[in-house]
1. Cβ contacts < 7 Å: first residue within 22 Å of Glu141 (Cβ to Cβ), restricted to the stretch 169-192; second residue among the small types (Gly, Ala, Ser) and more than 16 Å from the ligand (Cβ to nearest atom), any location; separation 6+ or different chain. Result?
2. If I filter the stretch 288-300 for residues that are polar (S, T, N, Q) and open to solvent by 10 Å² or more (accessible area, probe 1.4 Å), do I get at least one hit?
3. Only one of these conditions is not met by Glu56: (1) surrounded by fewer than 24 Cβ atoms within 10 Å (Cβ to Cβ); (2) touching an Asp or Glu at 6+ places or on another chain (Cβ under 9 Å); (3) not in a strand (DSSP E or B). Which number is it?
4. Answer yes if at least one residue in the stretch 14-24 is in a strand (DSSP E or B), within 30 Å of Asn410 (Cα to Cα) and away from the ligand (no atom under 16 Å from the Cβ), and no otherwise.
5. Could you check how many residues of the stretch 345-368 are among the aliphatic types (A, V, I, L, M) and within 24 Å of Gly451 (Cβ to Cβ)?
6. Test Thr95 against the criterion of being without any contact (Cβ under 8 Å) to a residue 40 or more places away in the chain and within 16 Å of the ligand (Cβ to nearest atom), and give yes or no.
7. (1) in a helix (DSSP H, G or I); (2) away from the ligand (no atom under 16 Å from the Cβ): which one isn't true of Thr244, the others all being true?
8. Can you give me the ranges of the strands (runs of 3 or more DSSP E) entirely in the stretch 306-389 with at least 2 residues that are over 16 Å from Ser25 (Cβ atoms)?
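The values are calculated or read from the model by the stated rules, or taken from the named source; none is laboratory data. It should be emphasised that the depicted structure is a prediction, and the values quoted were computed from it without experimental measurement. Note that we place each Cβ from the backbone using ideal geometry, even for glycine, and neighbour counts take in every protein chain shown. We work out accessible area using only protein heavy atoms, side chains counted, and drop any ligands, DNA or RNA first. Shrake-Rupley method; radii C 1.70, N 1.55, O 1.52, S 1.80 Å.
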Amino acid sequence: MALQGILNADFGKGTINRNIYGHFSEHLGRCIYEGIWVEEDSPIPNVNGIRSDVVEALKQIQIPVLRWPGGCFADEYHWKDGIGASEGRKRMVNTHWGGVVENNHFGTHEFMELCRQLGCEPYINGNVGSGTVQEMSEWVEYMTFGGESPMSELRISNGRQEPWSVTYFGVGNENWGCGGNMRPEYYADLYRRYQTYVRNYDGNKIHRIACGPNAGDYEWMEVLMREAGRFMDAITLHYYTLPTGDWSDKGPATGFGEADWFRTLKSSLFMDELVTRHKTIMDKYDPDKRIDLIVDEWGTWYNVEPGTVPGFLYQQNTMRDALVAGLTFNIFHKHSDRVRMANIAQTVNVLQAVILTEGEKMILTPTYHVFDMYKVHQDSELLELSLDGGTYCFEGSEIPAVSATASKDNVGKIHISLCNLNPMEASLVSLDIRGLAGKSLLVTGKTLTAGKIDAHNTFEQPDNVKPQLFSAFELKDGQLTVTLPPMSVTALELTPEA
Ligand code: AHR
């Protein structure tokens with residue numbers, strides 16, 4: 001029996017902010033070094049030290065915003081170590097991530113150059129845990145002040161005449177944990193103090209972002225909103241999907257069974273409850289929804305690939321990750337009245353990466369393909385879609401079998417994204433398409449699916465999992481019937497014909 005739904009094409013529910021498709025790149029493992037930065041004299045094709053294959057791939061998915069330099073690294077990062085001639089830059093130990101030497105060759109100028117090449121917005125995360133107010137204040141002055149001042153002169157002496165435009169600035173990261181192990185009351189006061197000196201220079205308006213809670217820490221959200229809400233433009237949320245829920249043994253990225261598949265998707269679906277409950281607290285203090293909720297770390301976290309450095313957090317990425325990405329985007333769409341940015345952890349070679357590299361080789365992961373298929377929703381109008389998603393049951397537990405959202409873009413095309421969470425059975429979905437005043441529609445589709453739950457791409461077989469044209473649908477009398485393959489992410493485009 002088909003799952004029944006209604007799509008109201010004339011019922012817009014607000015804009016899906018393009019920044020929901022943002023990324024996060026930290027000085028961690030091989031994300032920045034090798035994954036993005038290879039130095040100018042590298043045999044790997046690069047522009048100003050930044051590898052060109054990775055830039056091209058990220059431009060293809062229209063990366064809107066990139067968060068840097070951390071993560072936990074942010075609260076140990078001293079930005080002045082990463083400016084000036086690269087041979088003179090301070091070498092430090094990356095204590096959080098593998099104890100490796102950080103040579104600071106990738107610093108502020110290089111990050112801004114990366115954002116220029118990508119055509120995306122920078123999101124800089126400042127240091128509260130081990131940095132001073134002066135240091136944070138001077139970083140903002142260095143980047144954004146155009147007049148005469150010590151920091152703008154320092155920037156000019158390092159080769160950059162014009163200030164950069166920086167909209168997003170985070171005041172600390174995980175200050176309840178690696179960023180200083182603070183209590184919410186203490187951080188709320190520190191936040192108020194630090195943000196005072198994050199100045200708006202020369203018409204550059206900074207969006208001040210407070211460190212928000214770890215997953216379901218509602219107390220943290222309550223205290224921050226109550227004590228510091230009026231001083232912030234946004235607050236963050238971090239939530240990772242662990243198949244086992246156990247940090248000491250999270251489960252493997254490949255070679256898992258259906259029990260792990262089910263638990264992983266169930267754990268990802270928890271994002272909906274988390275966002276709903278945090279929004280309720282935010283609504284109490286900010287009923288006009290002025291403050292954004294930014295989920296600036298999300299994604300799967302598995303045991304590292306056997307034989308790799310534990311502190312580098314390198315993991316493979318399978319069809320399961322594709323489903324996690326698709327259903328998480330659908331959750332973010334649904335909450336786009338408050339969730340106005342999200343940043344997957346992380347862009348290259350770390351956690352739920354969209355790109356993996358091995359020396360000069362690069363592959364795109366199943367998660368990358370979901371970003372590509374969902375980019376049509378960036379800045380589109382969310383549409384009302386109700387669906388009885390049916391259930392996918394496993395060993396006495398159940399989750400929805402299908403997750404779906406739809407939007408209308410600025411030329412009037414309708415995009416429907418459907419995830420079939422059931423890896424064993426196809427799902428038949430029937431949507432009543434309303435609100436198009438009798439216009440006929442041209443429908444096209446793509447799907448991402450595989451024959452195995454842990455299907456993934458390798459450097460030897462880079463195209464194992466990639467989107468295919470999809471035609472298992474029928475539109476008749478305003479009723480769109482779709483057969484979703486097992487374990488699939490499907491994108492349909494409906495073009496009203498003149
Ligand atoms: O993304 C990896 C780490 O996870 C980040 O550095 C930290 O903020 C979080 O705990």
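1. What qualifies is Tyr191/Ala228; Arg192/Ala228.
2. No; the residues of the stretch 288-300 include none that is polar (S, T, N, Q) and open to solvent by 10 Å² or more (accessible area, probe 1.4 Å).
3. (2)
4. Taking every residue of the stretch 14-24 in turn, at least one turns out to be in a strand (DSSP E or B), within 30 Å of Asn410 (Cα to Cα) and away from the ligand (no atom under 16 Å from the Cβ).
5. Of the residues in that region, 6 qualify.
6. yes
7. Result: Thr244 fails condition (1) only.
8. So the answer is 339-345, 361-364, 381-387.
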